[in-house]
Amino acid sequence: PPHGQGAPGGGWNGPAPQQAPPTPHSTDITGHIQLPPGAPVALPSPPADTATADAAHAAVAVLLIGPAGAGKTSVARHWADTRRVPTAHISLDDVREWVRSGFADPQSGWNDHSEAQYRLARRTCGFAARNFLANGISCILDDAVFPDRPVVGLGGWKRHVGPGLLPIVLLPGLEIVLERNARRTGNRRLSDEEVARIHGRMAGWYGSGLPIIDNSAHDVATTVRVLDDVVARSIASPPNW
């Protein structure tokens, strides 16, 4: 409308708001949060005395691998809860289930749709891990990574997180994973046949050079103490993967 004439419907008739001057663009800082660098996470630096590497204080990114029913989510969460430094727990299954409408449930069949959502979840987890580490927060991720499937194997994790990621396998006996799976509910519970098939494929990690924890006879707290020891050894002498 002409100057001084009210707009129909009583719209805004005051002076145009003043725009704030543009602030210098930064690729590193959002508020006080440090964004992750473009480069992947590097290998952790071992302490001067590698014999006394203290996993309880080191800033690390750990990938806990294991079949359904291995207890990896419970162990990862407890490890993150009880460390002496800030530590986050990132479960790939949880991130994958962020998709509500249109969720591609792998139990309904592994296809291009479910694989695409898995890749997206893995990439999201990788960014989150690098973001946490850039802000001084360690993290532990958990995923059922198969040794015989490069598509959903360690290569993607290494690409999205970096060579500094410490992969550790949690592999109890078959009877244990069957018992734990039987206590599950919802879409996290698998058939006994599927659990046995996954467990058999996970045996391929033996001979891979990755550290393996058999937690068949351990409760969660004991497994976490073993995990601390394995992380300390991995910091002092990173696995070749």
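The values are calculated or read from the model by the stated rules, or taken from the named source; none is laboratory data. Because the structure is predicted, anything quoted here is derived from the model rather than measured. Note that we place each Cβ from the backbone using ideal geometry, even for glycine, and neighbour counts take in every protein chain shown.
Number of residues in segment 119-137 that are outside any helix (DSSP H, G or I) and buried (at least 24 other Cβ atoms within 10 Å of the Cβ) equals 0.
Every residue, every condition in (1) within 22 Å of Phe127 (Cα to Cα); (2) among the charged types (D, E, K, R); (3) crowded, with 17+ Cβ neighbours inside 10 Å, yes or no:
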{"residue": "Gly66", "(1), (2), (3)": "yes, no, yes"}
{"residue": "Asp81", "(1), (2), (3)": "yes, yes, no"}
{"residue": "Pro86", "(1), (2), (3)": "yes, no, no"}
{"residue": "Ser114", "(1), (2), (3)": "yes, no, yes"}
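Can you pull out the residues in segment 202-215 that are surrounded by 13 or more Cβ atoms within 10 Å (Cβ to Cβ) and not in a helix (DSSP H, G or I)? Answer for segment 202-215, where residues must be surrounded by 13 or more Cβ atoms within 10 Å (Cβ to Cβ) and not in a helix (DSSP H, G or I): Ser208, Leu210, Pro211, Ile212, Ile213, Asp214, Asn215.
Count of segment 154-188 residues, restricted to those that are in a loop (DSSP other than H, G, I, E, B), without any contact (Cβ under 8 Å) to a residue 40 or more places away in the chain and over 23 Å from Ser108 (Cα atoms), is 0. In segment 66-104, the residue that is farthest from the chain's Cα centre (by Cα) out of those that are outside any loop (DSSP other than H, G, I, E, B) and without any contact (Cβ under 8 Å) to a residue 24 or more places away in the chain is Asp81. Restricting attention to segment 187-201 and to residues that are in contact with a helix residue (DSSP H, G or I) (Cβ under 7 Å, 6 or more places away or on another chain) and surrounded by 14 or more Cβ atoms within 10 Å (Cβ to Cβ), the residue that is modelled with the lowest pLDDT turns out to be Arg189. Yes or no: Leu166 buried (at least 17 other Cβ atoms within 10 Å of the Cβ), aliphatic (A, V, I, L, M), modelled with pLDDT of 95 or more and in contact with an Asp or Glu (Cβ under 7 Å, 6 or more places away or on another chain)? It is false that Leu166 is buried (at least 17 other Cβ atoms within 10 Å of the Cβ), aliphatic (A, V, I, L, M), modelled with pLDDT of 95 or more and in contact with an Asp or Glu (Cβ under 7 Å, 6 or more places away or on another chain).
For segment 189-217, a tally of residues being free of Cβ contacts under 8 Å to residues at least 12 places away in the same chain and under 21 Å from the mean Cα position of the chain (by Cα) returns 1. In this structure, Val230 does not qualify as in contact with a Phe, Trp or Tyr (Cβ under 7 Å, 6 or more places away or on another chain), in a helix (DSSP H, G or I) and surrounded by 14 or more Cβ atoms within 10 Å (Cβ to Cβ).
Under the condition of being under 17 Å from Asp81 (Cβ atoms) and not small (Gly, Ala, Ser), the residues counted in segment 219-241 number 10.
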